[in-house]
Amino acid sequence: MIAPRAWLPTPVLSLLLLLVWLLLVRSFAFGQIVLSGALAILIPLLTHRFWDARPRIGKPLKLLRFAFRVLGDIVIANFEVAYLIANPWRKVKPHFIEYPLMLEERFTITLLASTISLTPGTVSANLRMDGKSLLIHALDVDDEDALIAQIRERYERPLKEIYEC
Amino acid sequence: MSFFVEALISLLLVAGGIFVFIGSLGLAHLRDFYMRLHGPTKATTLGIGCMLVASMGYFWSIDGKPDVQELLITLFLFITAPVSAHLLAKTGLHMQLKHVDKTQGKPVELRSEEVGEKPVPHPDKGHG
C-alpha cells in the first residue's frame, strides 16, 4: 500500500477542488462525486511541482477573523475609492511607497499583496527581487508612515501570527 | 416574494450598478495608468459582488432553495482581481509608463539611469 502522503500531497487543496467541482455542477450525484474525487487526486499530483512549500495554518480561528476584517475593509475601500473618483473637486495625492516586508514565506507575501490590492486606496505594484520590500501605489495619501504602520498592524502582523509562528 | 425581499434585492442591484459605473468612470477618467488601476480592482469588485448577492437572493426567493454558484464567482473574482492588477502595475513599471507629476516617491523602476540593461537573475531562496 502506498503511503497517503504520496498520492495525496495536498489534502486541503484536494478537498477544496472536490467541493468547488460539486458546487459548480450543482449536483451531488454519485457519478459527480467519483469524477470530482478522481480530479481532486489527479490535479494536485500533476501540479505539485509548481507549488511552493505550503506553510501550515497555525490558528484557523484567527484566519477566519482576518478574513472578515478584510471583507469589511473591502467594503470601506470601495466607498472611499468611489468617493475619490466621483468627487469632481477631488485633490488626490498619488504616492509610490516602499513597504518593508516582515514576512518571509512567498505564500504569505502573496496573501498580503492581494489584501493590499483589495483594500483602501492601494495597489501592490512590484515585489523586489530580494523579497524584502513591496512597492505599493496609493491613490490618496497624506502620511506615508501612517499608511505603512496601518498595513503592518492590520494585515501583516495577523498574517505572520497565523502562518509563520 | 415579499415587499421587503424585493426592496432589498433592488437596492443591491442599484448599488451594484452605481459601483460598477464609478469603477469604469475611474478607468476612463483618472490621470495616469497607476491611478486608473484603482477603479477596476476595488469599485468594480464590490459592484459585481452586490449584483451576485442580489441574484442569489432573487433565485432563492423564487425557487425556494439557496444557490451558491454566485458565491463561487465572487470567490474567483476576489482571487484573480488583485493578481491581474499586480501584473498590470508591474508591466507598467517595466515599460516605464509616465505618472502624474504630483506623484510622490520615486521607485527605482522608474529611474531610467539606475536600471541596468541586463536583467538581474532571481536570487531564489531554495524553495520552488
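Read-outs throughout are calculated quantities, based only on the coordinates presented, and are distinct from any laboratory measurement. Bear in mind the structure is a predicted one, so any value in this text is a computation, not a measurement. Reconstructed Cβ throughout: ideal geometry from the backbone, glycine too, with neighbour counts over all protein chains shown.
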Label model pair residue A:67, residue B:60: point-to-point distance (7 angstrom along the Cα→beta-carbon line) in nm is 1.7
With label points set 7 Å from each Cα along the Cα-to-Cβ direction at residue A:143 and residue A:46, the distance between them in nm comes to 5.3
Reference-scaled alpha-carbon Rg (2.2 N^0.38 Å with N residues) for chain A: 1.30
For a footprinting-style exposure proxy, rank B:36, A:157 by other Cβ within 10 Å, fewest first. A:157, B:36
Karplus-derived 3J(HN,Hα) from phi for the range A:100-113 (6.51 cos²θ - 1.76 cosθ + 1.60, θ = phi - 60°), whole Hz, x at Gly and Pro, runs x, 7, 9, 6, 10, 6, 5, 4, 5, 4, 4, 4, 5, 5
With a 30 Å threshold on alpha-carbon distance, the violating pairs from A:59/B:90; A:91/A:160; A:62/A:93; A:91/B:90; A:59/A:132; A:160/B:65 are A:59/B:90; A:91/A:160; A:62/A:93; A:160/B:65
With the dipole of the range A:60-163 worked out from charges on the C-beta (+1 for Lys and Arg, -1 for Asp and Glu) around the Cα centre, which of A:74, A:96, A:139 lies farthest toward the positive end? A:74
To the nearest 0.05, what FRET efficiency results for residue A:75 and residue A:104 with a Förster distance of 41 Å applied to their C-beta separation? 0.85
What is the mean number of Cβ atoms from other protein chains located within 10 Å of the Cβ atom of each residue in peptide B:31-43, rounded to a whole number? 6
Label point at residue B:8 placed 7 Å out along Cα→Cβ; residues across the range B:50-73 whose backbone nitrogen lies under 19 Å: B:50-72
Proxy exposure order for A:136, A:41 (fewest C-beta within 10 Å first) is A:41, A:136
Neighbour-count ranking for B:2, A:14 (other C-beta within 10 angstrom, fewest to most) reads B:2, A:14
Could you work out the local net charge near residue A:145, counting Lys and Arg as +1, Asp and Glu as -1, over the other residues with Cβ closer than 14 Å to its Cβ? -4
Prolate/oblate/rounded call for the range A:4-50, Cα gyration tensor, a/c under 1.5 rounded: prolate
